[in-house]
Amino acid sequence: MFINIKPLDVANRRGCPDEFSFGATFSDHMFTQEYAAGKGWHNAEVTPYHTLSLDPSAAVLHYSQEIFEGLKAYRNPNGNINLFRPLENCRRFNRSAERMVMPTVDENFHLEALKALIKLDHAFVPDKPGASLYIRPTMIATSPKLGLGASKSYLHFIITGPAGAYFQGGFNPISVCIANKYRRAVAGGVGEAKTGGNYAASLYASEEAAKKGFSQVLWLDAIEGRYIEEVGAMNICFVYEGKTIVTPSLSGSILPGITRNSILQLAPTLGYDVSEQRLDVNQIVDDIKSGKITECFGCGTAAVISPVGSLSYMDEDYVINDNQTGTVSQHLYDHLTGIQYGTIADPFDWIVEVPVK
């Protein structure tokens with residue numbers, strides 16, 4: 001399929017601003033394509049960034065038939081742009097689409113759309129240390145209907161923008177509250193799909209936690225309220241005795257994170273053991289108290305790796321590694337970001353380079 005590119009005049013284009021935060025500044029252009037039952041995907045375009053026009057009865061507004069993804073692009077030492085595992089994001093996008101009864105996209109065409117957009121807006125990829133271009137592919141149901149059922153038409157769009165650190169404190173330990181009342185998702189539901197309703201359902205507990213000074217909420221399973229699942233914006237990992245990295249096994253209600261998967265592949269090459277297990281929250285807090293757990297960190301596209309300095313559970317705080325960034329977290333962060341920025345060799349073939357020079 002052909003992508004019709006309608007760029008802004010060069011005189012009207014902007015560059016990357018000097019100051020930006022995560023998810024608040026957007027690039028000059030966006031990609032869109034439309035889907036209609038019986039016609040398939042069509043009208044693929046890269047156009048100036050613009051608002052969307054939707055019928056008030058559009059299905060997405062009433063039944064939340066919507067999915068999204070998040071990935072990043074990095075400026076490498078030769079001035080070109082590195083995309084980190086973009087096809088894995090597209091594959092997860094399609095798995096989410098299938099779960100939400102939405103059409104899938106062609107993986108290779110989706111990647112070509114990403115490349116076309118980044119080539120046009122490469123000036124928005126920051127060259128500041130720790131900064132990147134955040135990329136948000138999205139699909140929404142657009143059929144004007146109030147009857148409950150899958151939409152017959154969809155809009156797939158991609159927007160981008162320069163991004164700094166996800167957490168205000170940057171690469172420093174955060175405090176996390178373990179939810180003991182509210183639940184995020186249940187196995188058999190849509191917890192493993194990247195759909196907006198999962199995040200909307202988490203906001204009440206997240207806002208309560210923020211008022212108490214916590215950065216994130218760590219969710220437990222919805223059946224027994226006993227087994228650790230994921231943090232609001234990340235997967236979670238625990239380090240035992242400075243050597244073994246343990247993360248909750250995918251349960252059907254945990255988002256299969258691409259950064260999580262990358263760490264499971266990368267860590268053994270750096271000398272660490274890795275394990276996916278069903279983790280009982282009571283055992284975890286006991287292992288923190290005994291000192292068996294020497295570090296804890298979250299991992300996800302937005303933050304990459306975020307050290308966790310304390311966990312709060314049932315109104316008791318459990319400090320990890322004296323609330324300091326651990327050597328394992330730092331080692332993994334340095335190596336993974338080194339691959340992303342192109343300063344460390346990529347033995348996994350994760351990087352797709354977009355030439356702009």
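The values are calculated or read from the model by the stated rules, or taken from the named source; none is laboratory data. This is a predicted model, so every value here is computed, not measured. Note that we place each Cβ from the backbone using ideal geometry, even for glycine, and neighbour counts take in every protein chain shown.
Structure values in brief
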{"quantity": "Conditions (1) touching a strand residue (DSSP E or B) at 6+ places or on another chain (Cβ under 6 Å); (2) surrounded by 21 or more Cβ atoms within 10 Å (Cβ to Cβ); (3) closer than 29 Å to residue 236 by Cβ; number of the one not met by residue 114", "calculated": "(1)"}
{"quantity": "From 97, 113, 73, residue being outside any loop (DSSP other than H, G, I, E, B), under 18 Å from the mean Cα position of the chain (by Cα) and within 26 Å of residue 152 (Cβ to Cβ)", "calculated": "97"}
{"quantity": "Any chance residue 50 is more than 30 Å from residue 339 (Cα to Cα) and outside any helix (DSSP H, G or I)", "calculated": "yes"}
{"quantity": "Count of residues meeting criterion [modelled with pLDDT of 95 or more and among the aromatic types (Phe, Trp, Tyr)] in the range 154-179", "calculated": "2"}
{"quantity": "Residue within the range 260-267 that is more than 22 Å from residue 171 (Cβ to Cβ), modelled with pLDDT of 95 or more and not hydroxyl-bearing (Ser, Thr, Tyr) present", "calculated": "no"}
{"quantity": "Residue that is nearest to residue 76 (Cα to Cα) [pool: residues in the range 326-357 that are in contact with a Pro (Cβ under 7 Å, 6 or more places away or on another chain) and either without any contact (Cβ under 8 Å) to a residue 40 or more places away in the chain or surrounded by fewer than 19 Cβ atoms within 10 Å (Cβ to Cβ) (or both)]", "calculated": "342"}
{"quantity": "Leading residue by the ranking (nearest to residue 218 (Cα to Cα)) among those in the range 238-252 that are in a strand (DSSP E or B) and among the polar types (S, T, N, Q)", "calculated": "247"}
{"quantity": "Set 240, 204, 199, 182: member being at pLDDT below 95 and either over 27 Å from residue 101 (Cβ atoms) or touching a Gly at 6+ places or on another chain (Cβ under 9 Å) (or both)", "calculated": "199"}
{"quantity": "Residue match in the range 10-27 (condition: part of a strand (DSSP E or B) and either touching a Leu at 6+ places or on another chain (Cβ under 9 Å) or at pLDDT 95 or above (or both))", "calculated": "no"}
{"quantity": "Answer from 190, 176, 186 - the residue that is among the aliphatic types (A, V, I, L, M) and surrounded by fewer than 17 Cβ atoms within 10 Å (Cβ to Cβ)", "calculated": "186"}
{"quantity": "Count of residues meeting criterion [assigned to a loop (DSSP other than H, G, I, E, B) and either in contact (Cβ under 8 Å) with a residue 60 or more places away in the chain or among the β-branched types (Val, Ile, Thr) (or both)] in the range 213-237", "calculated": "3"}
{"quantity": "The range 285-304, subset in a strand (DSSP E or B) and touching a residue at least 60 places away in the same chain (Cβ under 8 Å), residue surrounded by the fewest Cβ atoms within 10 Å (Cβ to Cβ)", "calculated": "300"}
{"quantity": "Selected residue (only one of 138, 142 is in contact with a strand residue (DSSP E or B) (Cβ under 8 Å, 6 or more places away or on another chain), closer than 17 Å to residue 23 by Cα and at pLDDT 95 or above)", "calculated": "138"}
